Amino acid sequence: MTYTPQVHDYVKWHHNELIDEGWVYFVGDEYCTIETGVKCKDDKNIAHCPIHEKIHTLVVCHNWYWHELEYIKSRETHYD
């Protein structure tokens, strides 16, 4: 059975001898995104876009690669 990613799951993506890992940030029918990094913006960047205070690095994983995802755990959110 193939794993179907869910938002707030922590996964490892094993592909081509590489491993990307992080939190599933978005899931659609054709792909999901995995958040592999977050860092704070500097004052100049916040001034240009004050709505978001952090920079998120996301990796796109198309649905035909979902069989390469390893589910690790899920996190609770304040929206649950």
Mind telling me which of the residues T4, T36 ends up being among the polar types (S, T, N, Q) and either part of a strand (DSSP E or B) or touching a helix residue (DSSP H, G or I) at 6+ places or on another chain (Cβ under 6 Å) (or both)? T36
All positions within segment 7-33 that are out of contact with any Lys or Arg (no Cβ under 6 Å at 6 or more places or on another chain) and assigned to a loop (DSSP other than H, G, I, E, B): V7, N16, E17, G28, D29, E30
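Specify the residue that is farthest from P5 (Cα to Cα); the eligible residues are those in segment 39-59 that are among the β-branched types (V, I, T) and outside any helix (DSSP H, G or I). Please lay out each step first, then the result.
So the first thing to find is which residues in segment 39-59 are among the β-branched types (V, I, T), and the list is 46, 51, 55, 57, 59.
With outside any helix (DSSP H, G or I) added as a condition, the list becomes 51, 55, 57, 59.
Numbers: I51: 28, I55: 23, T57: 18, V59: 14 Å.
Here the residue is I51.
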Can you tell me how many residues in segment 45-80 are aliphatic (A, V, I, L, M) and more than 15 Å from the chain's Cα centre (by Cα)? 3
Residue within segment 16-31 that is without any contact (Cβ under 8 Å) to a residue 40 or more places away in the chain and in contact with a Gly (Cβ under 8 Å, 6 or more places away or on another chain) present: yes
Cβ-Cβ under 8 Å, sequence separation 6+ or interchain: first residue in segment 58-70 and hydrophobic (A, V, I, L, M, F, W, C), partner exposed (fewer than 12 other Cβ atoms within 10 Å of the Cβ). Which pairs? W66/T2
Taking the condition of being surrounded by 14 or more Cβ atoms within 10 Å (Cβ to Cβ), among the hydrophobic types (A, V, I, L, M, F, W, C) and at pLDDT 95 or above, how many residues in segment 10-52 meet it? 7
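The values are calculated or read from the model by the stated rules, or taken from the named source; none is laboratory data. These figures come from a predicted structure and were not determined experimentally. Because the Cβ atoms are built from the backbone with ideal geometry, glycine has one as well, and the counts that use them run over all protein chains shown.
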